[in-house]
Amino acid sequence: MRFQVVTIFPELIDAFAGIGLIAKAVEGGLMRIETCSPRRFTTDKHQSVDDAPYGGGSGMVMTPEPLAQAMDALDASVAREGVPAATRVLLTPQGKPFTQADARRFAALPGLMLVCGRYEGVDERVRSLVSEQISLGDFVLNGGEVAAMAVIESVSRLLPGMLGNALSLSEESHAAGLLEYPHYTRPRSFRGMEVPAVLLSGNHATIARWRRRQALLRTRALRPDLFAQLALEPADRALLDEEDEP
Ligand code: ADE
């Protein structure tokens, strides 16, 4: 998969692309991460990519032309290779909240272009140049770069061959609209807190039932909004109705 990032801080994305599992995936040819800075398409001495807002007010607004040219330059680079243009996504606090379902949808695309704004935002006309707008959540970042990295990280771990452990993907939080069950490792006793006995039983069926029940209980307690959207099987209802173990 090919990620393209339009950003005035390409060094931030390059650093991210050079570390850990992402770097491994890039080295292994599983994905590419390219950047293009709108500053390349400025004409003034200061390479300005922002300007004062029409109508007055505080803050600066990113001008549309350098952003548009950066997007077009990235399109042109894939066109030279005979590849279709990447789907364009603007990172903005006004976008649709990003979910695991979006990550899965993006992971099926050949290319994703992430457009990062800075300052007070981007000229409104830039929105017409992208196919969707995504927000990382109801808070405001200084720019879209951190959001773009979050999107790349969540999408890349869904790419076939990325984790080398397809089972852990299907069991993790949000995979089926549920939070994940609790995990424990050594030691058995940590500061007076014990590993639940069921996990030491060696009975895989009992452990699987316990984990499913914990995932359901946890989702109901911590994320009632997610829980309300679940279509529960009778077996899950029965699990929820069970008494707690002594
Ligand atoms: N840019 C600034 N704030 C953002 C947010 N919450 N999500 C995505 N992009 C942003």
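Here the dipole of the stretch 11-163 is about 400 debye; that uses its Cα centre as origin and unit charges on the Cβ of Lys and Arg (positive) and Asp and Glu (negative). Taken over the stretch 43-90, the percentage of Cα pairs per 5 Å bin, counting from 0 up to the bin with the maximum distance, is 5, 17, 19, 18, 15, 12, 8, 4, 2. Pairs of alpha-carbon atoms within less than 8 angstrom and 6+ residues apart define the contacts here; what relative contact order does the stretch 1-126 have, in percent? 33 percent. Under 5 Å between amide hydrogens, built in the peptide plane, is the criterion, and for residue 34 it picks out 3, 4, 5 among residues at least 5 positions away or on other chains. Dividing the C-alpha radius of gyration of the stretch 1-62 by 2.2 N^0.38 Å, with N its residue count, gives 1.52.
Take every Cα-Cα distance within the stretch 141-246, group them into 10 Å bins from 0 onward, and report for each bin the whole-number percent of pairs it holds. Here the calculated profile for the stretch 141-246 is 12, 33, 33, 18, 4, 0. Note on 16, 106: ascending count of other Cβ atoms within 10 Å places them as 16, 106, the fewest first. Its Cα gyration tensor gives the stretch 102-193 an equivalent ellipsoid. The semi-axes, each the square root of 5 times an eigenvalue, are 34, 19, 11 Å from largest down. Computed log10 I(q)/I(0) for the stretch 205-246 at 0.23, 0.25 Å⁻¹: -0.79, -0.91, from the Debye equation with unit scatterers placed on every C-alpha and solvent omitted. Relative protection proxy for 235-244, 38-47, from highest mean packing down: 38-47, 235-244 (other beta-carbon atoms within 10 angstrom).
Using the average count of surrounding beta-carbon atoms within 10 Å as a protection proxy, the listed peptides 114-126, 19-31 rank, highest first, as 114-126, 19-31. Taking every alpha-carbon pair under 8 Å whose residues sit at least 6 apart, the stretch 131-224 reaches a relative contact order of 21 percent. What is the calculated FRET efficiency for residue 170 to residue 199, with r their C-beta to C-beta distance and R₀ = 22 Å, to the nearest 0.05? My answer for the efficiency is 0.65. Considering only 233, 34, 153, the Gaussian network model of the chain with Cα springs below 10 Å gives its largest mean-square fluctuation to 233.
Across all C-alpha atoms in the stretch 1-132, the radius of gyration and Dmax reach 15.5, 50 Å.
When the chain is treated as a Gaussian network with alpha carbon springs shorter than 10 Å, the biggest mean-square fluctuation among 186, 211, 32 belongs to 186. With contacts taken as Cα pairs under 8 Å at a separation of at least 6 residues, the chain carries a relative contact order of 18 percent. Along its first, second and third principal axes, ordered by size, the stretch 73-135 spans 35, 28, 16 Å in Cα coordinates.
With bins 10 Å wide beginning at 0, the percent of Cα pairs of the chain falling in each bin runs 6, 25, 27, 19, 13, 7, 2, 0.
Bear in mind that the values in this text are calculations on the coordinates, not laboratory data. Source: prediction; values computed, not measured. Neighbour counts run over all protein chains shown; Cβ positions are idealised from the backbone, glycine included.
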